[in-house]
Amino acid sequence: MMRTPLRGVGLGLRSDMAEAFLERRPSEVDFVEIHPENYMRRGGRFPALLEAARRDYPVGTHGLTMCFGSPTRFDDEYLRDLRAFLHDLDVGFHSDHLCFGGAHGVFLHDLIPLPFTEEAARLCVSRIREAQDALDRPVAVENVSYYLPQSESGLDEAHFLVEVLRESGALLLLDVNNVYVNSRNFGFDPRAYVDLLPADRIAQIHIAGHVVRDDGLRIDTHGEPICDDVYDLLDYTLGRVGARPILLERDNNIPSLDAMLDEVRLLRAILSRHTAEDAA
Ligand SMILES: [Fe+2]
């Protein structure tokens with residue numbers, strides 16, 4: 001089923017760094033990830049950047065608009081265009097977020113948390129099935145960070161995620177930074193969360209940096225280096241589920257390409273240790 005498989009460590013191709021990246025074409029980076037919204041239905045510089053990236057790197061796609069907890073059906077024309085775009089790139093799967101994004105044509109341009117209830121899980125399952133049917137390829141859902149406490153009566157985050165995966169058949173794009181941020185903000189054990197997940201559904205891993213505010217709240221900014229605890233959680237996760245493609249997300253406060261490649265090399269060292277362990 002996998003078309004263009006993703007392997008190794010990738011970097012999110014963002015417009016702020018794309019030109020510097022493509023000029024150098026670093027061999028440490030195994031694949032790039034793009035947001036289709038930045039390239040679909042556009043002319044000029046953006047499609048040209050994508051074509052240039054494709055010459056040397058497999059491309060993965062990570063959407064921003066198909067939040068799977070939204071109550072209204074996705075726009076048919078958008079799904080048709082996205083399907084053609086994914087087909088052209090030959091991606092093995094397409095990912096988007098397990099959150100609320102809007103309803104009835106109003107799009108909030110933010111990843112709004114869902115209540116972790118049975119009702120919300122059923123809603124997500126129907127949206128995921130709709131996307132799987134329309135896109136004609138596997139869909140991966142990503143766990144998001146959130147800052148609103150959940151009601152005591154619902155499920156916890158990990159059980160909610162597991163239920164959605166089981167009922168929808170979706171793959172999981174596991175963001176280990178989001179797991180860590182939520183675990184510290186809401187007081188749960190991030191390793192116990194990882195232990196609950198179905199390893200065979202994990203298609204890819206996201207990793208990023210976050211900030212700690214003065215009041216202790218951690219905010220998922222994608223604007224800092226990865227912290228040691230998140231490297232540790234990555235290491236733990238790969239030890240449990242096996243090697244998986246890892247994507248470094250850096251969207252804000254973008255440092256030099258060399259600084260990002262330093263992080264890529266650290267991630268490669270962790271991943272290659274687990275790849276060797278899996279082979280042994
Ligand atoms: Fe992510």
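The values are calculated or read from the model by the stated rules, or taken from the named source; none is laboratory data. Here the structure is a predicted model, which is why all the values come from computation and not from measurement. Reconstructed Cβ throughout: ideal geometry from the backbone, glycine too, with neighbour counts over all protein chains shown.
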(Q) Suppose we filter SER126, SER70 for residues that are more than 16 Å from the ligand (Cβ to nearest atom), surrounded by fewer than 16 Cβ atoms within 10 Å (Cβ to Cβ) and among the small types (Gly, Ala, Ser); which single one remains? (A) SER126
Q: Given the conditions (1) out of contact with any Asp or Glu (no Cβ under 6 Å at 6 or more places or on another chain); (2) away from the ligand (no atom under 16 Å from the Cβ), report the number of the one that GLY223 does not fulfil.
A: (2)
Q) Looking at (1) in contact with a Leu (Cβ under 7 Å, 6 or more places away or on another chain); (2) at pLDDT 95 or above, which is the one condition that is false for CYS67? A) (2)
**Q.** Criterion (among the small types (Gly, Ala, Ser), surrounded by fewer than 24 Cβ atoms within 10 Å (Cβ to Cβ), within 21 Å of LEU267 (Cα to Cα) and within 16 Å of the ligand (Cβ to nearest atom)) met by exactly one of ALA199, ALA203
**A.** ALA203
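Would it be correct to say that GLU152 is surrounded by fewer than 20 Cβ atoms within 10 Å (Cβ to Cβ), of a type in the set (D, E, K, R) and over 15 Å from the mean Cα position of the chain (by Cα)?
Numbers: surrounded by fewer than 20 Cβ atoms within 10 Å (Cβ to Cβ): yes; of a type in the set (D, E, K, R): yes; over 15 Å from the mean Cα position of the chain (by Cα): yes.
Judged against the criteria, GLU152 is a match.
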(Q) Being under 21 Å from GLU119 (Cβ atoms), within 16 Å of the ligand (Cβ to nearest atom) and not charged (D, E, K, R) is the filter here; which residues of the range 140-171 pass it? (A) VAL141, ASN143, VAL144, TYR146, LEU161, ALA170
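Quick one: which strands (runs of 3 or more DSSP E) sit completely within the range 91-171 and have at least 2 residues that are more than 23 Å from ALA208 (Cα to Cα)?
Working: elements: 94-97, 100-103, 106-112, 139-142.
The strands (runs of 3 or more DSSP E) meeting that bar are 100-103, 106-112.
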